[in-house]
Amino acid sequence: MCLTLLFVQLFSFFRPCSLFAAPAVRKVSLIPLWSPQAQFAGYYVALDKGIYARHGVDLTLLNGGAGNSPVEALRSGRADFAVMWLPTALRHRNEGVRLVNVCQVMQRSSMMLISRKSSGISSLQKMNGKKVGLWEGDLSIPPLTLFSREGISVRQIPLTHTVNLFLRGGIDVSSAMWYNEYHVILNAGVNADELHAIFLGEQGVNFPEDGIYALEETVRKDPALADAIAAASLEGWQYAFNHPEEALNIVMKYMLRAHVPANRMHQRWMLNRMRDLIIPGGREGSVPSGILDRKDYEAAGSSMLREGLIRGFPEYAAFRWRGDVGK
């Protein structure tokens, strides 16, 4: 069975009527977490190749990044759908924003804690009392949860969107994303065997990252639209993985339009790592399921509850649109 046919069959529940009638075209906007880059290749590919249009969606992709909060875009009505991390969605849901998960794109956490072997920091315990670079806001939730669980107290140093502080020795440990900052550090001339890297997911803190979210009222008003967005987005990701160089051409085009510095080698690394993170097990022939794993959801919610970051979190079926699928 060819990969394309297998992919269609595996997520066909997202579009039960698409084989029988052309869907009505609806104007929709989606905002990624950040500026155009291969982290969001599937969405740009699906737009550029007309995949959203075939699913009855006239999509506008907004620019994310500094000053463009996905949650605020949803609340204000500027966006209908948004890419965000589960901890962000849970925190805002706890504050009264009725967010639901429409499609869980990234199946594994990509967050890392990196130190130089020369520093002697070769384990989590040896980070105690050290200067650790953390991004502010929701991106600090996973590492702080891990430190709290292990009884580790660190000196928190705010990170910007560069790795310069780590490269210049200003911090002992840096947060990094496998698909992004880790590769930037390698490109700066630091060899992989000079680094000690800890994946948070391998430490039991597998907080799901990039997922597609919407307000509950949006999906209840038009459930077929939510299904179409999920199906088209997953199809876009599969096309990107099957045609990586074409996908990179598309991503680079949108990066240049947004006046974002574009490095094809780095974007290729990012796309390859997204494949590892999205496709379950990274197995050839597998496809992204789009389902928020119940165990990951409940583990993240319980951890945030213990840390006092939220007062409670909804049942899985109430938070995951089409929550009966994949139970």
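The values are calculated or read from the model by the stated rules, or taken from the named source; none is laboratory data. This one's a predicted model, so the numbers in the text were calculated from it and none came from an experiment. Cβ sites come from the backbone with ideal geometry, for glycine too, and all protein chains shown count toward neighbours. Only protein heavy atoms, including side chains, enter the accessible area calculation; ligands, DNA and RNA are left aside. Shrake-Rupley method; radii C 1.70, N 1.55, O 1.52, S 1.80 Å.
Quickly run through the range 228-250 and pick out the residues that are among the small types (Gly, Ala, Ser) and either more than 19 Å from the chain's Cα centre (by Cα) or farther than 10 Å from Gly42 by Cα (or both).
Restricting attention to the range 228-250, the residues satisfying the condition of being among the small types (Gly, Ala, Ser) are 228, 230-233, 236, 240, 247.
Scanning the range 228-250 gives Ala228, Ala230, Ala231.
Considering every residue within the range 136-149, establish whether at least one is open to solvent by less than 60 Å² (accessible area, probe 1.4 Å), farther than 22 Å from Gln267 by Cα and in a loop (DSSP other than H, G, I, E, B).
Checked against the condition, which is being open to solvent by less than 60 Å² (accessible area, probe 1.4 Å), farther than 22 Å from Gln267 by Cα and in a loop (DSSP other than H, G, I, E, B), the range 136-149 yields no hits at all.
Considering only the range 95-135, state which residues are within 30 Å of Leu74 (Cα to Cα) and assigned to a loop (DSSP other than H, G, I, E, B).
Glu95, Gly96, Val97, Arg98, Val105, Met106, Gln107, Arg108, Ser109, Ser110, Trp135
In the list Ile185, Ile157, Ile141, which residue meets the criterion of being more than 19 Å from Pro208 (Cα to Cα), in contact (Cβ under 8 Å) with a residue 60 or more places away in the chain and not charged (D, E, K, R)?
Within the list Ile185, Ile157, Ile141, the selection yields Ile185.
Cβ contacts < 6 Å: first residue closer than 11 Å to Ser115 by Cβ and aliphatic (A, V, I, L, M), restricted to the range 161-182; second residue open to solvent by 30 Å² or more (accessible area, probe 1.4 Å) and in a strand (DSSP E or B), any location; separation 6+ or different chain. Result?
Pairs found: Ile171/Lys131; Ile171/Ile157.
Return the residue satisfying two criteria in turn: it lies in the range 1-30 and is touching a Ser or Thr at 6+ places or on another chain (Cβ under 9 Å) and modelled with pLDDT of 50 or more, and of such residues it is most open to solvent (accessible area, probe 1.4 Å).
Lys27
Tally up the residues in the range 211-252 that are open to solvent by 10 Å² or more (accessible area, probe 1.4 Å), of a type in the set (Asp, Glu) and either under 17 Å from Leu59 (Cα atoms) or touching a Leu at 6+ places or on another chain (Cβ under 9 Å) (or both), please.
3
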